[in-house]
1. Sum up the charges of everything whose Cβ sits under 14 Å from the Cβ of ALA92, counting Lys and Arg as +1 and Asp and Glu as -1, but leave ALA92 out.
2. Could you state the accessible area per residue of the chain in Å², with a 1.4 Å probe and every protein chain left in place?
3. Collect residues whose amide H, placed 1.01 Å from N in the peptide plane, falls under 5 Å from the amide H of VAL136; neighbours closer than 5 in sequence don't count.
4. Which whole-Hz couplings ³J(HN,Hα) result when phi for each residue of region 93-99 is put into the Karplus expression 6.51 cos²θ - 1.76 cosθ + 1.60, θ = phi - 60°, listed in order with x for Gly and Pro?
5. Return the carbon/sulfur percentage of the accessible area of region 112-167, one whole number, probe 1.4 Å, all protein chains in place.
6. What is the spin-label model distance, in nm, from ASP31 to LYS98 if the labels are put 7 Å beyond Cα along the C-beta direction?
7. Is the C-alpha gyration tensor of the chain telling us rounded, prolate or oblate? Criteria: a/c under 1.5 is rounded; beyond that, a/b larger than b/c is prolate, otherwise oblate.
8. May I ask which of LYS22/LYS153; LYS22/LYS126; LYS6/LYS32; LYS32/LYS126; LYS32/LYS153 have a Cα-Cα span longer than 32 Å here?
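The values are calculated or read from the model by the stated rules, or taken from the named source; none is laboratory data. It should be emphasised that the depicted structure is a prediction, and the values quoted were computed from it without experimental measurement. Glycine also receives a Cβ, built like all others from the backbone with ideal geometry; neighbour counts cover every protein chain displayed. Heavy atoms of the whole protein, side chains included, go into the accessibility calculation; ligands, DNA and RNA do not. Shrake-Rupley method; radii C 1.70, N 1.55, O 1.52, S 1.80 Å.
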Amino acid sequence: MRAMTKANLEAAFAGESQAHMKYTIFAEQADKEGFPEIARLFRAIAYAERVHAANHLRQLAAIGDTAANLETGIAGESFENTEMYPAYDAVARLQDEKGALLSIRYALEAEKIHEAMYRDAQSLVKNGQDRPSASVHVCSVCGYTVIGQAPDKCPVCGRQRDAFREF
Ligand SMILES: [Fe+2]
Ligand SMILES: [Fe+2]
């Protein structure tokens, strides 16, 4: 693929991905405000943006097999928890941005765990094995992620067990 088309598709993938995420979150807001049909519209269009994002990613040849995708996941999570978020945390501290500090801390804590989970998964996949069957729980407040049962209390944000969503 020619360089300019590649850069354009990468930009389009980023934009569609953000639109997907924003519309999904806007749908939750519409539900909270008592507009279920507006929520439906946000969810449908969010899905269409996801289709566009997936098509761009496919054209970019950026979808590998699961072992390669785990490697991509490890690289992304590692960058976030060793460089990106520590640097963002330092800037937010310097600028005394309390809200940003909190959302950065929540993300930083989870990304370390995500990297470790992907590494464990990768060593299994390299031997042709799937994960042993176990649910994964994610805190809906801070994103703390745990394999197996949800804890009584989130160790990162302190919320109770019912804040966890099961996957
Ligand atoms: Fe992560
Ligand atoms: Fe939490």
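1. On the way: positive: ARG93, LYS98, ARG105; negative: ASP89, ASP96, GLU97.
For residues surrounding ALA92, the net value is 0.
2. It amounts to 67 Å² per residue over the chain.
3. Result for VAL136 returns GLY148, PHE167.
4. Taking θ as phi minus 60°, the curve returns 5, 4, 9, 6, 9, 5, x Hz for region 93-99.
5. The computed percentage sits at 48.
6. In this crude spin-label approximation the distance works out to 3.0 nm.
7. rounded
8. Details: LYS22/LYS153 29 Å; LYS22/LYS126 35 Å; LYS6/LYS32 39 Å; LYS32/LYS126 44 Å; LYS32/LYS153 25 Å.
Over 32 Å Cα-Cα: LYS22/LYS126; LYS6/LYS32; LYS32/LYS126.
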